[in-house]
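The structure appears below as structure tokens.
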Amino acid sequence: MVLHPLVAYNLTRWAGALLELSQFQNVLESKKMTQDAISKLEEALLINPRKHDALWCLGNAQTARTFSAPDQNEARVYFERASQCFQKALNEEPGNDLYRKSFEVAAKGPQLYSDLRKHGLGQLGMEAAAGARAGAGPSASIGGKTTKKNKCSNLKYDVCGWIIFAVGIFAWLRYAKSHAPPPPLPQ
């Protein structure tokens, strides 16, 4: 059975929406949505292995997985997968600056991950996961008490997270605007 190219397009858009929505979920739901997005993208790439926007989106999904990785080795695997996806997307569309920048950032990813863990992001991620399991908000501490310093630290990471999210949305919108959907096929 030959699948229509529009199916790959729709799967890619669906996966992109899942990745965007995952940013608003607790840690466990975010992981599930990211994995669902990866499945959709892999399905789209089975239909069209050269679909550059699906490759780029898959690279972003792999990058998103790194932030929930418990250790440097697992994060490195995800960064390598992301880098491979970004490189393939860049090979398919060499003039795309977004793909080039994504590839460059993925190459710096393991060092960024290490730096973030050194500065306490690892502990914050564990606290968020514990809070999600306990039904509390992501800024709740494991013991249920928050100190003034911890609240300030959480605010700093919340603000940084929203800035990163906003940059990601901006990049996604620029990409989406530059790649208009294909015209409908005659019936």
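Answer yes if at least one residue in the stretch 86-95 is more than 19 Å from Ala171 (Cβ to Cβ) and in contact (Cβ under 8 Å) with a residue 60 or more places away in the chain, and no otherwise.
no
Scanning the stretch 31-66 for residues that are in contact with a helix residue (DSSP H, G or I) (Cβ under 7 Å, 6 or more places away or on another chain), assigned to a loop (DSSP other than H, G, I, E, B) and not polar (S, T, N, Q), which turns out farthest from Ile169 (Cα to Cα)?
So the residue we want is Arg50.
Kindly provide the set of residues from the stretch 10-19 that are in contact with a helix residue (DSSP H, G or I) (Cβ under 7 Å, 6 or more places away or on another chain) and not hydroxyl-bearing (Ser, Thr, Tyr), ordered by number.
Leu11, Trp14, Ala15, Gly16, Leu18, Leu19
Conditions (1) at pLDDT 90 or above; (2) part of a helix (DSSP H, G or I); (3) touching a Lys or Arg at 6+ places or on another chain (Cβ under 9 Å); (4) closer than 24 Å to Gln35 by Cα, marked per residue:
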{"residue": "Arg100", "(1), (2), (3), (4)": "yes, yes, no, no"}
{"residue": "Arg133", "(1), (2), (3), (4)": "no, yes, no, yes"}
{"residue": "Gly137", "(1), (2), (3), (4)": "no, no, no, yes"}
{"residue": "Gly144", "(1), (2), (3), (4)": "no, no, no, no"}
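Here are the criteria: (1) assigned to a helix (DSSP H, G or I); (2) closer than 30 Å to Pro186 by Cβ. Tell me which single one Leu18 does not satisfy.
Here Leu18 meets the rest and fails (2).
Return the residues of the stretch 32-75 that are within 23 Å of Ser114 (Cα to Cα), charged (D, E, K, R) and over 10 Å from the mean Cα position of the chain (by Cα); say none if nothing qualifies.
Scanning the stretch 32-75 gives Asp71, Glu74.
The values are calculated or read from the model by the stated rules, or taken from the named source; none is laboratory data. The model shown is predicted, which means the values in this text are computed figures rather than measured ones. Note that we place each Cβ from the backbone using ideal geometry, even for glycine, and neighbour counts take in every protein chain shown.
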